[in-house]
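Where a number appears in this text, it was derived from the coordinates with a stated rule and is not lab data. This is a predicted model, so every value here is computed, not measured. Here Cβ is always computed from backbone atoms with ideal geometry, including for glycine, and neighbour counts include all displayed protein chains.
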Amino acid sequence: MTFDELSLMAFRNDPLPRFVKLHEMTAYFGLQNIYWSYEHRFISKDQAANRKKELQYRFEDEVKKYEDSLKDYQYIDQIRVAFGGQFKAVKESGCPVCRRLIEILDGRNLSEGQDT
């Protein structure tokens with residue numbers, strides 16, 4: 001959802017869709033607060049515009065962070081898939097050190113055998 005879509009929804013006081021990302025929800029409620037504060041004359045038009053601009057900047061920054069994080073998770077999943085076939089071959093090789101290494105890389109039994 002874009003900032004402009006959220007802004008229009010907040011201005012109209014439309015309800016948010018059921019499943020939105022946290023940064024979208026935060027922007028929506030922030031925009032509602034700005035509109036309410038301006039409507040009730042707690043802030044001036046310039047203050048409202050400045051707050052909206054700051055909120056939009058932070059929203060776009062959070063969108064970028066979210067997209068980067070999603071790319072990281074997708075990359076990690078691709079690595080796990082690529083390792084998958086090799087893990088099976090190493091497990092079947094019979095080497096106990098190799099099997100332990102696979103368990104660590106696979107995320108199983110991480111606490112066992114760690115040096116403290």
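Arrange the following residues from fewest to most other Cβ atoms within 10 Å of their Cβ: Tyr38, Tyr73, Tyr66.
Numbers: Tyr38 17, Tyr73 9, Tyr66 14.
The fewest-first ordering by Cβ neighbours comes to Tyr73, Tyr66, Tyr38.
When the gyration tensor of region 1-110 is built from Cα positions, what are the square roots of 5 times its three eigenvalues, in whole Å, from largest to smallest? All intermediate terms of the calculation are to be shown ahead of the outcome.
On the way: eigenvalues 509, 29, 23 Å².
Sorted largest first and rounded, they come to 50, 12, 11 Å.
Return the sequence-ordered ³J(HN,Hα) values of region 52-66 in whole Hz as given by the Karplus equation 6.51 cos²θ - 1.76 cosθ + 1.60 applied to θ = phi - 60°, using x for Gly and Pro.
So the Karplus estimates, Gly and Pro as x, are 5, 5, 5, 5, 5, 4, 5, 4, 5, 5, 5, 4, 4, 4, 4 Hz.
Which ³J(HN,Hα) values in Hz, rounded to whole numbers, follow from the phi angles of region 85-99 under the Karplus curve 6.51 cos²θ - 1.76 cosθ + 1.60, where θ = phi - 60° and Gly and Pro get x?
x, 6, 4, 5, 5, 5, 4, 6, 5, x, 6, x, 5, 5, 4
Sort region 16-71 into rounded, prolate or oblate with this rule: let a ≥ b ≥ c be the square roots of the eigenvalues of the Cα gyration tensor; rounded if a/c is under 1.5, and if a/c is not under 1.5, prolate when a/b is larger than b/c, oblate otherwise. All intermediate terms of the calculation are to be shown ahead of the outcome.
On the way: a/c = 5.54, a/b = 1.87, b/c = 2.97.
The shape class here is oblate.
Pull up all non-local amide H partners of Ile43: gap of 5 or more, or a different chain, and H-to-H distance under 5 Å with H placed in the peptide plane.
Under 5 Å from the amide H of Ile43: Tyr38.
Using the count of nearby Cβ atoms within 10 Å as a rough guide to exposure, how do Ile104, Ile76, Ile43, Ile34 rank from fewest to most? Walk me through the numbers before you get to the answer.
Details: Ile104 14, Ile76 10, Ile43 17, Ile34 22.
Ascending number of Cβ neighbours within 10 Å: Ile76, Ile104, Ile43, Ile34.
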